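One structure is given here, and the rest of the page talks about it.
The values are calculated or read from the model by the stated rules, or taken from the named source; none is laboratory data. Being a predicted model, the structure only gives us computed values, none of them experimental. Virtual Cβ from ideal backbone geometry, glycine too; neighbours counted across all protein chains shown. Side chains included, ligands, DNA and RNA excluded: accessible areas come from the protein's heavy atoms. Shrake-Rupley method; radii C 1.70, N 1.55, O 1.52, S 1.80 Å.
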Amino acid sequence: MGFYIIATTNGNVDTATDEEQVSYEETSQGWIGTFRGERLESVFLDMSEAAINIMAKFKFKHPDLTFTPTEDGEMFGLEA
């Protein structure tokens, strides 16, 4: 099972604090995204579709924030 940082709100994964990172991990229940302590699940089993689905949910819940994909996020198909 993997753990990834798929996006940040500051544009730099190296300097982003935990509060500025969207983490993404595979669990026994499926893919989970976490941002600022809020956890969202995806109904998609495919890791790329799940990442896109989770980011869409976070963007909907936080329309005032800009999420910048990291290299891991781009690997899953996220685009700026």
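Computed values, structure above
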| item | result |
| --- | --- |
| Single match in Leu45, Leu78, Leu40 (criterion: touching a residue at least 24 places away in the same chain (Cβ under 8 Å) and not in a helix (DSSP H, G or I)) | Leu78 |
| Positions within the stretch 1-14 being open to solvent by 20 Å² or more (accessible area, probe 1.4 Å) and within 16 Å of Thr66 (Cα to Cα), in sequence order | Ile5, Thr9, Asn10, Gly11, Asn12, Val13 |
| Hey, Leu65 at pLDDT below 95, surrounded by fewer than 17 Cβ atoms within 10 Å (Cβ to Cβ) and over 12 Å from the mean Cα position of the chain (by Cα) or not | no |
| Selected residue (only one of Ala56, Ala16 is without any contact (Cβ under 8 Å) to a residue 40 or more places away in the chain, hydrophobic (A, V, I, L, M, F, W, C) and in a helix (DSSP H, G or I)) | Ala56 |
